[in-house]
1. Given H placed on each backbone N at 1.01 Å, which residues far from Val156 in sequence or on other chains put an amide H within less than 5 Å of it?
2. Can you say what percent of the DSSP beta bridges in the chain, counting only those with both residues inside, are antiparallel? Round to 5.
3. In debye, nearest 20: dipole of the stretch 35-285 around its Cα centre with unit charges on the Cβ of K, R (+) and D, E (-)?
4. Choose one of Phe151, Pro289, Thr234: the residue whose Cα lies farthest towards the positive end of the charge dipole of the chain (beta-carbon charges +1 Lys, Arg; -1 Asp, Glu; about the Cα centre).
5. Relative contact order of the chain: what whole-number percent is it, with Cα pairs under 8 angstrom and at least 6 residues apart?
6. Among Met62, Ala384, Leu122, which residue has its Cα positioned farthest towards the positive end of the charge dipole of the chain, with +1 placed on the Cβ of Lys and Arg, -1 on the Cβ of Asp and Glu, and the dipole taken about the Cα centre?
7. With all protein chains present and a 1.4 Å probe, how do Ser385, Ser380, Ser404 order by accessible area, largest first?
8. Would you mind getting me the FRET efficiency between Asn79 and Thr287? Use the beta-carbon distance for r and R0 = 45 Å, nearest 0.05.
Amino acid sequence: MSEQFLDTNVPGNPAYHFTIQPPVREGGAGWLHRPELVPGAGMATKCVHGGVQPDPAYGAVMPPLYLSSTFAFKDICTNAGYDYTRSGNPTRTALEEALALLEGGHGATCTSTGMSAILVALNLLPHGSHLISTVDCYGGTFRLLEHAKRFFGLEVTYLDLADLEALKAAIKPNTRMIWIETPSNPLLLLTDFAAVAELGHRQPDCLVAVDNTFLSPYLQRPFELGADLVIHSTTKYLNGHSDVVGGAVVAAPGNLPLTQQIQSVNNLLGTSQAPHDCFLVLRGLKTLPLRMRQHEVNAQQLAEFLHAHPAVGKVHFPGLPSHPQHALAKRQQRGFGAMLSFELKEGGNERLNHVLRRLRWFTLAESLGGVESLVAHPASMTHASMTPEARGRAGISDDLIRLSIGLEDVADLRSDLAQALTLS
Ligand SMILES: *Cc1c(COP(=O)(O)O)cnc(C)c1O
């Protein structure tokens, strides 16, 4: 699989060696000690320092934003490591290094959106491949897989990945990718991905890909459980401020060929992320641990409040002991995250609209993972691209409400939900 994608024109590729190193100055505390070389650095340290080193030109502590589309050559085979921003850009490299460090992967590539990150991953598959996806994947992922099926001949099987026997039976000689999203959107169902990865890896050349958008590397580290690829919509928690769309693909530790493939496919598709957007995501990353901790505290309290509320039916949140996979969540995640969904006991569009219109701090909008709380109606919004039958198979009812819990005072969020849920 590796050779067809080998593209020498990608920074990081050993064949790309016509470079001059940036000038190195002597002395200066910490000048040469890149954070990833410090053994045992914690996640918060990695978030602050990942991908960043004092700028060799002026010593700027924060990495400069390089907007230039093109880079000068000194002579026909010498430049400073970059030639054209689609192929590589120093600001993007800083973000890629930070994300690879946080996930514990070998390398990363940053894309214009989460969807283009998924597109890059799908473009690793040779013609005639079969892909197995979790049945309750993100609506956009479903739409892209259906498109690839129709226009590019990708064979796709949707499965409940909790059913390991069904998975075993579905794996074919041409199965080249298993697509996992855990916890899933919007029902917060988990996939035991150590078990799925073990089955997937019995099949030669089969990549186990995990969309880690819902938890971020702060709360879930898929490579430690056998994933080959981690995919992100950095639009969500990684950036965290709802002012960028972006994505990333990270390759497993020790896997240089896969790193080269994702970087070269991103370059050839032209899906690489704009430098300004990379700069913003890198800035957002620095507070990821702080944000995730508070997101989680708020979400746990609100999940418990909703669980006890007389107007609320089922609450889907892995942090509740009533969640069918609460034990798995404790084992495989480092926290429960801040996405939850619930059904109203008394449903119907009128009642649903009554609740949604009364909410003040929760904005009715798609997306998630920002500082502000959002509410969504999956059947008409995030999952409208799924057919009603596919939604039915995935268990997404028309009465389901999804919340992305933000960083407001939890008391305000609780009283907002309480007043919106009153029947009158
Ligand atoms: C939002 C999202 C995507 C798509 O990302 P965009 O940045 O919107 O293109 C993919 N997967 C999951 C789980 C998401 O939440």
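1. Leu131
2. 55 percent
3. Values: 14 positive and 22 negative charges, 75 e Å.
Once rounded to the nearest 20, the dipole reads 360 debye.
4. Pro289
5. On the way: 832 pairs, mean separation 71.8, N = 424.
Once normalised by length, the contact order is 17 percent.
6. The Cα lying farthest towards the positive end belongs to Met62.
7. Ser380, Ser385, Ser404
8. 0.85
The values are calculated or read from the model by the stated rules, or taken from the named source; none is laboratory data. All values derive from a computational prediction rather than experimental measurement. Here the Cβ is made from the backbone with ideal geometry for all residues, glycine too, and neighbour counts use every protein chain on show. Just the protein is used for accessible areas: all its heavy atoms, side chains included, with ligands, DNA and RNA removed. Shrake-Rupley method; radii C 1.70, N 1.55, O 1.52, S 1.80 Å.
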